[in-house]
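Asks: Here it is, the structure in full.
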Amino acid sequence: MCDYSLSGMRSRLAVEGEELIVHKFPTQSIGLVSPPDLQPRAATSESGKANLWKRIMNFFGAGDFSEAPAVCVPPGARLMLKNIPDDLQRTWNVGKEETVLFLQTSMEANTYRDAIMFTNGCQIHLQELSEGIPVWVVSLGGDSVQTPEPAISIPSGPPAA
């Protein structure tokens, strides 16, 4: 649902139909967040006015993003990736928009395990996604459409030709 590296952060479950975005967290791990949660919050002192340091940080666009919760997606959920960068389209042999299946590749501790599988069979860890890619939650799973059971181990990069 959420990689081990995000376990110490606030998190919540995704909602069907929700728009998310690929985001690099302070832990340097890649995950999903809701765009409104990335809006900087004006930090204030007890007097109700922003202290000088926070005003300077907000001025330079470095507001307080630490409260943006990671959005957890259950295995088997269907997502729509949009605006996939050209270099990644070529690497993975996919289009600009793709429907993917969300996977958890293992239960092993201290390893990245959140991944997606494209319809062409290419499987990648979320850590390989570029920050800023929009993601729509199409379904949280339990669809009536049968999906093939994904492989447990995933190769890095596109499938072998």
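Taken together, the values in this text are just the output of simple stated rules run on the coordinates, not laboratory data. Not measured: the values here are computed from a predicted model. Because the Cβ atoms are built from the backbone with ideal geometry, glycine has one as well, and the counts that use them run over all protein chains shown.
Asks: Of everything in region 98-121, what is out of contact with any strand residue (DSSP E or B) (no Cβ under 9 Å at 6 or more places or on another chain), at negative phi and not charged (D, E, K, R)? Give them in sequence order.
Replies: Those that are out of contact with any strand residue (DSSP E or B) (no Cβ under 9 Å at 6 or more places or on another chain), at negative phi and not charged (D, E, K, R): Ser106, Met107, Ala109, Thr111.
Asks: Identify, please: which residue in region 83-96 is in contact (Cβ under 8 Å) with a residue 12 or more places away in the chain and exposed (fewer than 13 other Cβ atoms within 10 Å of the Cβ) and is, among those, farthest from Ile133 (Cα to Cα)?
Replies: Among residues in region 83-96 that are in contact (Cβ under 8 Å) with a residue 12 or more places away in the chain and exposed (fewer than 13 other Cβ atoms within 10 Å of the Cβ), the one farthest from Ile133 (Cα to Cα) is Lys96.
Asks: Report, by residue number, each residue of region 10-33 that is touching a helix residue (DSSP H, G or I) at 6+ places or on another chain (Cβ under 6 Å), assigned to a strand (DSSP E or B) and surrounded by fewer than 16 Cβ atoms within 10 Å (Cβ to Cβ).
Replies: Passing the criteria: none in range.
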